[in-house]
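In what follows, a structure is listed as structure tokens, so that the remarks can point back to it.
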Amino acid sequence: MFQLKRALASITLVLTLCGASSIASAATIGTIGGPTAIGTVGGTSYDHDAYVTHGSKWGDIGLGTPGGTVSYSYVPTGTGCGALCGGSGSVGHLGLAMPTGFEAAIETAFAVWEAIANIHFVEVTDDGATLGTSGSFGDIRLSLVNIDNAGGTLALGHYPPPNSGSSLDGDILFDIAENWTLGTSGGGFDIFTVAAHEIGHAIGLKHEETALALMNPYYNPSLGGLTADDIAGAQAIYGAAVVPLPAAFSLMGFALFLTAAFGRRRKEHSA
């Protein structure tokens with residue numbers, strides 16, 4: 001769950017960013033009813049006083065082991081919502097409610113986690129199979145659904161498998177009723193910030209109490225990215241990011257260059 005605290009004169013408005021709540025109907029876009037524990041299902045929590053891990057992860061089973069390559073896909077409009085919406089309705093493509101260029105914000109949200117933890121993300125196509133069923137799509141599916149109309153829950157994030165035992169594991173749903181923006185201006189909700197928080201759930205992180213952390217349940221657009229607690233949590237699950245081989249060779253070459261240059265300077269100085 002990710003929430004927003006916004007001061008309006010003497011009123012404080014609290015908006016949940018992920019979690020579950022009762023949902024109102026909206027056209028053909030599916031609605032999610034009842035207090036189903038989306039993003040808070042099963043598993044064992046490991047509380048480290050700051051970050052909290054869910055107990056499930058991608059890749060190797062043990063904590064601190066690589067997550068491998070995890071795919072994600074954008075669910076097309078008209079895809080069945082399945083049991084998540086009570087068996088009726090459909091979900092929408094993110095482009096229905098998000099501005100042009102939203103893909104770059106989502107890609108950046110995946111990239112910030114990949115940059116610090118040993119897990120790799122790649123986009124694939126989505127065949128539009130009903131949510132929670134088998135098909136050809138990403139491990140993490142992203143879509144729009146009506147959650148509770150504007151001003152309530154902003155997005156829902158599922159933990160990685162094994163969680164509910166269905167293909168919903170890892171999936172992220174954004175509320176179609178919210179005002180989604182690129183950046184924090186304009187009075188809407190920053191796509192990158194919300195997506196990065198939900199991806200945190202999708203890789204196995206739960207909410208934490210530290211106020212200045214992306215995985216805190218309150219939306220804070222001023223963070224701008226991951227904090228020390230977020231990084232520590234992801235690395236506890238997957239280990240630190242591995243320097244890519246070409247980059248490693250570049251660093252090695254630079255080190256050899258410095259060594260040679262330093263040795264030459266010492267020779268010239270001794271002469």
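Coordinate-derived values only; no laboratory data. Not measured: the values here are computed from a predicted model. All Cβ positions, glycine included, derive from the backbone under ideal geometry; neighbour counts span all protein chains shown.
From most to least packed by mean Cβ count within 10 Å, the peptides 113-124, 73-84, 177-188, 145-156 give 145-156, 73-84, 113-124, 177-188. Among 208-214, 167-173, sorting by the average number of other beta carbon atoms lying within 10 angstrom of each residue, highest first, gives 167-173, 208-214.
Subtracting the Cα-Cα distance of Leu96 and Ile116 from their residue separation scaled by 0.36 nm leaves 4.1 nm. Taking every alpha-carbon pair under 8 Å whose residues sit at least 6 apart, region 120-223 reaches a relative contact order of 21 percent. Of interest is the spacing of the C-alpha centroids, which for region 80-152 and region 195-242 amounts to 19 Å. Label zone (Glu103, point 7 Å along Cα-to-C-beta; backbone nitrogen cut-off 18 Å) within region 124-157: 124-128, 137-144.
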